[in-house]
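Notes follow once the structure below has been shown.
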Amino acid sequence: MKVTAEDGHYALNKSIKDVVLQNLRVLFLTSKGERMGDCNFGIGLRRYLFSQDTAATHAELRTIITNQVNRYMPMIRIIEIRLISPDNSSDIADNHLKIEFEFYIKATGERAVAQF
């Protein structure tokens, strides 16, 4: 949560980039079946919490992320999905996986990175 002098404890999203980042957060953290009215919405990162860190898991995550973003967020274009684990980075602790999702916002021409 961001606290600002202008908005207080409920900071508003005031740019398209902020709105897109918030929408991505919701998409990544919502599990399929959790959203009323659209049981296919959501990537559901929670279900990967105790998954093995394998190439198959990485491939599955990339596929799900790509399909969900293309379906529910057509206002952005995926540039790159980086899955960073202890196998490919010494900066990551054991049993951790960091997702860096780089994208382009079509309406503004901005590039941004969301991390999960």
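The values are calculated or read from the model by the stated rules, or taken from the named source; none is laboratory data. Everything numeric here is computed off the predicted structure, so don't read it as measured data. Cβ coordinates were reconstructed from backbone atoms using ideal geometry, including for glycine residues, and neighbour counts include every protein chain displayed. SASA here: full protein model, heavy atoms, side chains in, ligands and nucleic acids out. Shrake-Rupley method; radii C 1.70, N 1.55, O 1.52, S 1.80 Å.
Note on the chain: with neighbouring protein chains present and a 1.4 Å probe, carbon and sulfur make up 52 percent of its accessible heavy-atom surface.
Relative to the dominant Cα principal axis of the chain, helix 16-29 is inclined by about 40°.
Surface exposure of the chain, expressed per residue as accessible area with a 1.4 Å probe, stands at 66 Å². Over the chain, dividing the summed -39,500 (n - 2.57) contributions of all DSSP H runs of at least 4 residues by the number of residues returns a 222 nm mean residue ellipticity of -9000 deg cm²/dmol.
Go through [x] -0.42, -0.47, -0.56, -1.21; [y] -0.30, -0.36, -0.50, -1.41; [z] -0.35, -0.42, -0.58, -1.37 and flag the label whose value is the computed log10 I(q)/I(0) by the Debye sum over Cα atoms at q = 0.10, 0.11, 0.13, 0.24 Å⁻¹ for this structure. The value computed from this structure is option [z].
Region 65-116 and region 1-42 have Cα centres lying 16 Å from one another. Dipole orientation for the chain: of the candidates Val20, Ala93, Ile81, Val20 has the Cα lying most toward the positive pole (charges on Cβ; Lys, Arg +1; Asp, Glu -1).
Leaving ligands, DNA and RNA out of it, rank Val20, Val26, Val3 by accessible area with a 1.4 Å probe, largest first.
Numbers: Val20 5, Val26 55, Val3 90 Å².
Result of the area sort, largest leading: Val3, Val26, Val20.
Relative to the longest principal axis of the C-alpha atoms of the chain, give the angle of the C-alpha long axis of helix 55-72, reported between 0 and 90° and rounded to the nearest 10°. Orientation of helix 55-72: about 30 degrees from the principal axis.
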